[in-house]
Amino acid sequence: SSGVLTQPTAAQLTQLSNIRAADVPAFQNVDLSTLRKRYDAGFGYSFDPQFDFQVSYRHEHKDGVKWMGAVTSQVSEFSIIMPDLIDQDTDQVNASLNYKGDKGFLTLAYYGSFFRNNVQSMTWQDVNDLTKSATLGSPPDNNFNQFSLTGGYNFTPTTKLVVNGSYARSTQNQAFL
């Protein structure tokens with residue numbers, strides 16, 4: 001008071017004790033961890049010294065809990081740190097058909113990535129008004145496909161022409177929350 005440090009009164013200490021007694025049971029420990037499992041497979045076949053085919057596949061699954069900051073409240077904006085659920089699958093495919101000649105090469109390739117999020121959204125009660133809730137969407141499912149063609153030709157030992165072209169398409173067929 002007026003720049004002088006004063007001890008809290010008995011009434012103030014009782015009020016703080018009552019606030020703690022009301023708040024503490026609402027808190028709980030949350031173990032944060034993420035488990036990632038990944039599997040890879042590949043196959044290659046040489047038709048002859050000039051032609052070969054390569055294909056690989058990768059599957060990755062992640063699940064667990066991480067921290068996430070969010071804004072909550074229907075009237076006043078309050079920031080919170082809450083656990084964010086993780087349950088995601090990603091599949092990737094690579095394939096290529098390759099030609100290697102004395103003076104040049106040609107590669108026709110495909111790459112695909114497919115993401116699936118098994119947690120569509122999270123909903124929680126507003127900390128200031130338990131009759132209200134807030135919802136936050138999670139990253140949406142999506143697909144990515146790419147085709148590419150690369151070729152090169154050696155005109156001389158010091159002159160080479162390399163041409164690369166690709167077409168890709170990324171799609172997300174899931175409505176926003």
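Charging the Cβ of each Asp and Glu at -1 and of each Lys and Arg at +1, and nothing else, the dipole of the chain about its Cα centre rounds to 440 debye. A 1.4 Å probe run over the stretch 1-59, with the rest of the protein chains in place, finds 92 Å² accessible per residue. Normalised radius of gyration (Cα atoms, divided by 2.2 N^0.38 Å) for the stretch 87-153: 2.08.
Loop sites by DSSP among the chymotrypsin sites (Phe, Trp or Tyr not before Pro) of the chain, restricted to those with at most 16 other Cβ atoms within 10 angstrom, leave 48-175 as the longest stretch without any of them.
Computed from Cα positions, the angle between helix 10-23 and the longest principal axis of the chain comes to roughly 40 degrees.
Overall size of the stretch 19-79 from C-alpha positions, given as principal axis extents largest first: 79, 26, 11 Å. Ordered by solvent-accessible area of protein heavy atoms (1.4 Å probe), largest first, the residues Thr131, Thr14 come out as Thr131, Thr14. Accessible area per residue was computed with a 1.4 Å probe on protein heavy atoms; Val162 scores about 80 Å².
FRET efficiency for the Thr131 to Thr9 pair, using the beta carbon distance and R₀ = 45 Å, is estimated at 0.85. A Förster radius of 22 Å, combined with the Cβ-Cβ distance separating Val93 from Ser121, puts the computed FRET efficiency at roughly 0.15. Spatially close Lys pairs in the chain, defined by Cα atoms under 26 Å apart and a spacing of eight or more places or different chains, total 5. Once the Cα-Cα distance is subtracted from the 0.36 nm per residue extended length, the Leu161 to Thr34 segment shows a gain of 41.0 nm. Between Asp87, Asp23, Asp141, the GNM of the chain built on Cα springs shorter than 10 angstrom shows Asp23 fluctuating the most.
When Rg and the Kirkwood radius Rh are both evaluated on Cα atoms of the chain, their ratio Rg/Rh stands at 1.29. At full extension, Asp63 and Phe78 could sit 2.6 nm farther apart than now, given 0.36 nm per residue minus the alpha carbon distance. Can you pull the percent of the chain's accessible area that's carbon plus sulfur, 1.4 Å probe, other chains left in place? After summing per-atom areas, the C and S share lands at 56 percent.
Comparing Lys160, Lys66, Lys37 in a Gaussian network model of the chain, where Cα atoms under 10 Å apart are tied by springs, the biggest mean-square fluctuation is seen for Lys160.
The values are calculated or read from the model by the stated rules, or taken from the named source; none is laboratory data. A quick note: this is a predicted structure, and the numbers were derived from the prediction, not measured. So basically every Cβ, Gly included, is an ideal-geometry build from the backbone, and we count neighbours across all protein chains shown. To get the accessible areas, we keep the full protein, side chains included, count just its heavy atoms, and leave off ligands, DNA and RNA. Shrake-Rupley method; radii C 1.70, N 1.55, O 1.52, S 1.80 Å.
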